[in-house]
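Chemist: After the structure tokens below, expect a handful of questions from me.
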Amino acid sequence: MSDPVIGRRALLRGAGGLAALAALPSLAACGTGTSRAASGGKSGGKSGGKSVVVRDSGGTYGEALQKAIYTPFTQETGIGVQVVNLQGTQMLAQIKQGRPQFDLINNSMMDHRKFGAQDALETLDTDRIKSLKSARIPDSQITDHAVGNSFYGQCMAYRTDAFDGRKPETWADFWDTAAFKGSRSMCNPDADLPELEFALLADGVPMDKLYPLDLDRAFKVLTRLRPDIKKFWDSGPLPGVLLSRQEVTMSTVWDGRIADLQKQGVPVARQLNGMRRQFQGYGIAKGAAHVDAAYRLMDYSLRPDVQARLARTFPSNPSSPVAYEKLTTEQRNALAGAPQYYDKGFDADIDWWIKNETAVTKRWLEWARD
């Protein structure tokens, strides 16, 4: 999260993102972030002096982590968990000074890749993470410095009462405003990576041939849809607001947002074909004071039963395929990571995005102003 835009994205993605975003100026201004005890609701709990400090993004997501992971971990191991909510620049500054006030970092895998490149994370000894094997974490989500624990998906949402019973099936349908009438909404780079992949999929590029992204082609396709894009959303709740008010008939959206709308009676559905996945994961801060406890909390958090418990508490898609087997059919089907949906989507190529995000974002902003 060394990029403040990415830090903002991490806040926005959570179900409590809007509240977290409202608190962002005070968080950034304080210099050290915020902290809270998360060991059975009491600092220290029954840790007997043993403790670990974990960084997460707070909000509703942080509350779910405490309920589903931190408190049960302390009850099982006797290790107290202290939580801090720090921005990337704050974390890097502490690590570079050799005095990180945190041990385990829960952050995006893209940000972990950036931290690793700056020698800000410990090289992981995967033999100390026993649950990797039982959880069957995908090899693509195990790197030298981090392990993926969950992902969020970016997909399309649409009003089910807008198209005379027809359902958009592909990104080509999203672009087809003659057959699927109405305005559209797509994300602003303040909220997430520019949605170039969706434009290329709409233009017939296969999912496994997306990268490296053909920028000229992608922006040409985006330009075709530009007159029908009513709003570029910059916060997680906004697509739902636009759909609820019938200001748009389709929007890109973070997949976990749809269930809340449906519970409110809004006639919307999601389409997971061509969903873009981005993973969250764990890394250990370089120079962490409690390395052994950090490994133990990471190992505990990655267990399939623990990932499933978190998924029942928060709309998070476990990285462990085994975790889905521990959910009810209804719970499993609500998640974009369920086996029947997984092959419909693709993983964002974070190496490509790290190299190109700045240039692409600049070009996107210029394009959006035209």
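The values are calculated or read from the model by the stated rules, or taken from the named source; none is laboratory data. Just so it is clear, the model here is predicted, and its values are computed rather than measured. Here the Cβ is made from the backbone with ideal geometry for all residues, glycine too, and neighbour counts use every protein chain on show. Surface accessibility is based on the protein's heavy atoms, side chains included, excluding ligands, DNA and RNA. Shrake-Rupley method; radii C 1.70, N 1.55, O 1.52, S 1.80 Å.
Chemist: In Å², what does the accessible area per residue of the chain work out to with a 1.4 Å probe?
Modeler: 42 Å²
Chemist: Next question, about the same structure. Percent of alpha carbon pairs in the chain separated by more than 26 Å?
Modeler: 50 percent
Chemist: Does a label point 7 Å from the Cα of residue 126, set along Cα-to-beta-carbon, have any residues of region 142-183 with amide nitrogen under 15 Å, and which are they?
Modeler: Residues 142-149 fall inside that zone.
Chemist: Same structure again: In degrees, nearest 10, range 0 to 90: what is the angle between the Cα axis of helix 215-225 and the longest Cα principal axis of the chain?
Modeler: Between the helix axis and the principal axis of the chain, the angle is about 60 degrees.
Chemist: Related question: Quote the charge dipole size of region 228-370 about the Cα centre in Debye, to the nearest 20; the model charges only the Cβ of Lys and Arg (+1) and of Asp and Glu (-1).
Modeler: Magnitude of the dipole: close to 240 debye.
Chemist: I'd like the orientation of helix 4-13 relative to the chain: the angle between its Cα long axis and the longest Cα principal axis, in ° from 0 to 90, rounded to 10.
Modeler: 80 degrees
Chemist: Per DSSP helix of 4 or more residues, -39500 (n - 2.57); summed, then divided by the residues of the chain. What does that give at 222 nm, rounded to the nearest 500?
Modeler: One gets -11000 deg cm²/dmol as the mean residue ellipticity at 222 nm.
Chemist: Excluding residue 174 itself, calculate the net charge of residues whose Cβ lies under 11 Å from the Cβ of residue 174, where each Lys or Arg counts +1 and each Asp or Glu counts -1.
Modeler: Charge balance in the 11 Å sphere: -4.
Chemist: Give the angle, between 0 and 90 degrees and rounded to the nearest 10, that separates the Cα long axis of helix 350-369 from the longest principal axis of the Cα atoms of the chain.
Modeler: Helix 350-369 sits at roughly 40 degrees to that axis.
Chemist: May I ask you to compute the full-extension gain from residue 133 to residue 340, defined as 0.36 nm times their residue separation minus their alpha-carbon distance, rounded to one decimal in nm?
Modeler: 72.3 nm
Chemist: Pairs 130/344; 67/362; 96/230; 67/263: which exceed 32 Å Cα-Cα?
Modeler: On the way: 130/344 30 Å; 67/362 40 Å; 96/230 44 Å; 67/263 23 Å.
In this structure, 67/362; 96/230 lie more than 32 Å apart at Cα.
Chemist: Give me the percent of accessible area attributable to carbon and sulfur for the chain, probe 1.4 angstrom.
Modeler: Using a 1.4 Å probe with all protein chains present, the chain comes out at 49 percent carbon and sulfur.
Chemist: Also: Quick one: which residues, 5 or more positions from residue 80 or on another chain, have an amide H under 5 Å from its amide H? H modelled 1.01 Å from N in the peptide plane, none for Pro or chain starts.
Modeler: 47, 50, 51, 52
Chemist: Something else about it: With r as the distance between the Cβ atoms of residue 76 and residue 246 and R0 = 35 Å, compute the FRET efficiency 1/(1 + (r/R0)^6) and round to 0.05.
Modeler: 0.10
Chemist: Sticking with this one: For the charge dipole of the chain, defined by +1 on Lys and Arg C-beta atoms and -1 on Asp and Glu C-beta atoms about the Cα centroid, which residue among 92, 315, 157 has the Cα displaced farthest towards the positive pole?
Modeler: Final value for the positive-end residue is 315.
Chemist: I need the phi-derived Karplus couplings for region 166-176: 6.51 cos²θ - 1.76 cosθ + 1.60, θ = phi - 60°, integer Hz, Gly and Pro marked x.
Modeler: With coefficients 6.51, -1.76 and 1.60, one gets 7, 10, x, 10, 9, 5, 4, 5, 4, 7, 8 Hz.
Chemist: Counting only residues 5 or more places away or on other chains, whose amide H sits under 5 Å from the amide H of residue 108 once H atoms are built in the peptide plane?
Modeler: 281
Chemist: So how much slack lies between residue 369 and residue 216, counting 0.36 nm per residue of separation and subtracting their Cα-Cα distance, in nm?
Modeler: 53.4 nm
Chemist: With θ set to phi - 60°, apply the Karplus curve 6.51 cos²θ - 1.76 cosθ + 1.60 along region 89-102 and write out the HN-Hα couplings as whole Hz, x wherever there is a Gly or Pro.
Modeler: 5, 5, 4, 4, 4, 5, 5, 5, 7, x, 9, x, 8, 7
Chemist: When the Karplus curve 6.51 cos²θ - 1.76 cosθ + 1.60 is applied with θ = phi - 60°, which whole-Hz ³J(HN,Hα) does each residue of region 332-338 get, with x for Gly and Pro?
Modeler: 5, 5, 6, 9, 5, x, 4
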